[in-house]
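Visitor: Can you keep this structure in mind? I'll have questions shortly.
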Amino acid sequence: MSLNNTQIDSIMQEYDRRQMDRHRLIEKRKKEIYEVLPEYRELENKIASESIKAGLASLTGGSSADTESLKETIEELKRKKGLLLTGAGYSINYLNPPYICPDCKDTGYIGTEMCHCFKQAKLDSTYLQSNAKLLLKEENFDNISHEYHTGEELTHFIEAEKASRNLVTNFEFEHGNILFKGTAGTGKSYLSNCIANALIQKGYAVIYFSAVSLFEKISSYKFGKEKYSNDNPMQDIYTCDLLVIDDLGSELTNQFVCQELFTIVNERHLRNKSTVISTNLDYSEISQRYTERTFSRIYSYYDVYDLSGNDIRVYKKRIEQRK
């Protein structure tokens, strides 16, 4: 997968923005601390002075005892800084806010190697539409609510949620696939997005497609304007850590689509790569639309969870209209 200059520039600008935002936050907090705790700046100045002495001693071959004494002095001053912060009610890391990606410190690289977050940014830039990015951020395990499910529907949803969480928890050790099937608006896509979001946060390569966009992408590569391009999306589709296919059955199904779905399911199984599929189709419809052999592969390779019931989106809208 290669990116054009515009896509690369966009990714690098995002990393620059992250670093700049963090720098500005640190400077803002420093200004606050210096005003509230003037002693803190004094300690920083002392640490800087002692560090210079330690550096000079090392360069001029000073005695090891002197060097060690300077190091101890510096550590004691740092300890006092920490006590000063916490004593005033601040976090010990108040002036060292977390990075979005602590592994590469928001640079995109670990040494000369591309960080997992940069690899995911490349996948997102190529395959993920902006509305899907927003959904992946909003729809996560922390925001799951059970208030719109009742009775047997709630039981089935909790089972599917547990399976989703287990897939994420055991992802490093187990190759798992899930098929969420059932009626519209029952949480199938939501759980798919929860899994995708959680694994992206863990540093895995995730590709999300609606069924329509997936087969359009493949068709464009094999028969359309991308035919003569050097980009081969099939390699990414077959080998990414997690592939999400949302709303299977919404695409125009034909022989080409049937063959490609079979190949994707089979190739990813052979490579021990996980796939999550959501669909409104039932077993018989899957079998009829995508052939018996595709249905057989899915039935054999996937854990299936049925989420049927009332459309949550419609129910929530009705509640909002009554307010």
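No lab work stands behind these numbers, since they all come straight from the coordinates. Being a predicted model, the structure only gives us computed values, none of them experimental. Here Cβ is always computed from backbone atoms with ideal geometry, including for glycine, and neighbour counts include all displayed protein chains.
Visitor: Out of 214, 120, 83, whose Cα points farthest toward the positive end of the dipole of the chain (charges: +1 Lys, Arg; -1 Asp, Glu; placed on Cβ)?
Guide: 83
Visitor: Okay, moving on. Please give the charge dipole size of the chain, origin at the Cα centre, charges +1 on K and R Cβ atoms and -1 on D and E Cβ atoms. Round to the nearest 20 debye.
Guide: In total the dipole reaches around 560 debye.
Visitor: Given the chain, what percent of its DSSP beta bridges are antiparallel, to the nearest 5?
Guide: Percent antiparallel among DSSP bridges in the chain is about 10.
Visitor: Let me ask something additional. Students often check this: by mean Cβ neighbours within 10 Å, which of 158-169, 20-31 ranks highest, and how do the rest follow?
Guide: In decreasing order of mean packing, 158-169, 20-31 become 158-169, 20-31.
Visitor: Exceeding 32 Å between C-alpha atoms, which entries from my cross-link table qualify? They are 80/119; 78/105; 28/202; 46/105; 71/105; 31/122.
Guide: Going by Cα-Cα distance, 80/119; 31/122 fall outside the 32 Å limit.
Visitor: Cα axis of helix 151-169 to longest principal axis of the chain: angle in degrees, 0 to 90, nearest 10?
Guide: Helix 151-169 and the main axis of the chain meet at about 50 degrees.
Visitor: Can I ask one more? Between 0 and 90 degrees, rounded to the nearest ten: what's the tilt of helix 5-36 against the longest Cα principal axis of the chain?
Guide: Result, in degrees: 40.
Visitor: Assign one of three labels to the range 5-87, namely rounded, prolate or oblate, based on the Cα gyration tensor with a ≥ b ≥ c the square roots of its eigenvalues; rounded applies when a/c is under 1.5, prolate when it is not and a/b is larger than b/c, and oblate otherwise. Spell out each step's value before the answer.
Guide: Values: a/c = 3.77, a/b = 1.59, b/c = 2.37.
It is oblate, given that a/c is not under 1.5 and a/b is not larger than b/c.
Visitor: Along the positive direction of the dipole of the range 5-87 (beta-carbon charges: Lys, Arg +1; Asp, Glu -1; about the Cα centre), which of 47, 26, 57 reaches farthest?
Guide: Of the candidates, 26 comes out farthest on the positive side.
Visitor: Ok, one more. Among 256-267, 177-188, 87-98, how do they line up from the highest to the lowest mean number of other beta-carbon atoms within 10 Å?
Guide: Averaged packing, sorted descending, gives the order 177-188, 256-267, 87-98.
Visitor: While we're looking at this one, here's another question. Using a 4.7 Å cut-off between beta carbons, which cysteines in the chain end up with no partner cysteine at all?
Guide: Cysteines of the chain left without a disulfide-compatible partner: 194, 240, 258.
Visitor: Per DSSP H run of at least 4 residues, take -39500 (n - 2.57); add these up for the chain, divide by its residues and hand me the 222 nm value, nearest 500 deg cm²/dmol.
Guide: Working: 13 runs with 197 residues, N = 323.
Result for the chain, helices only: -20000 deg cm²/dmol.
Visitor: If you don't mind, there's one more thing I want to ask. How far is it, in nm, from the label point at residue 253 to the one at residue 83 when both lie 7 Å from their Cα along the line to the Cβ?
Guide: 7.2 nm
Visitor: Now, a different point. What is the spread of the Cα atoms of the range 58-97 along each of their three principal axes, largest first, in whole Å?
Guide: The Cα atoms of the range 58-97 stretch 41, 18, 8 Å along the principal axes, largest first.
Visitor: Okay, moving on. Could you calculate, for the range 168-272, the ratio of the Cα radius of gyration to the Kirkwood radius, expressed as Rg to Rh?
Guide: 0.97
Visitor: In a GNM of the chain with a 10 Å cut-off on Cα contacts, which of 224, 108, 309 has the highest mean-square fluctuation?
Guide: Result: 224 has the largest fluctuation of those listed.
Visitor: Could you tell me which residue out of 154, 253, 197 lies farthest along the dipole of the range 128-322 toward its positive end? Charges go on the beta carbon: Lys and Arg +1, Asp and Glu -1, centred on the Cα centre.
Guide: The one lying farthest along the dipole's positive direction is 253.
Visitor: Out of residues 5 or more away from residue 110 or on other chains, whose amide H comes under 5 Å of its own, with H placed 1.01 Å from N in the peptide plane?
Guide: 115
Visitor: While we're looking at this one, here's another question. Quote the relative contact order of the range 5-87 in percent (integer), defining contacts as alpha-carbon pairs under 8 Å separated by 6+ residues.
Guide: For the range 5-87, the relative contact order is 28 percent.
Visitor: Taking θ = phi - 60°, what integer Hz values does the Karplus form 6.51 cos²θ - 1.76 cosθ + 1.60 yield along the range 51-58, in sequence order, with x for Gly and Pro?
Guide: 5, 5, 4, 5, x, 5, 4, 5
Visitor: Could you tell me which trypsin sites (Lys or Arg not before Pro) in the range 267-302 are loop residues by DSSP with no more than 13 other beta carbons within 10 angstrom of their beta carbon?
Guide: Of the trypsin sites (Lys or Arg not before Pro), the ones in loops of the range 267-302 whose Cβ has at most 13 other Cβ atoms within 10 Å are 271.
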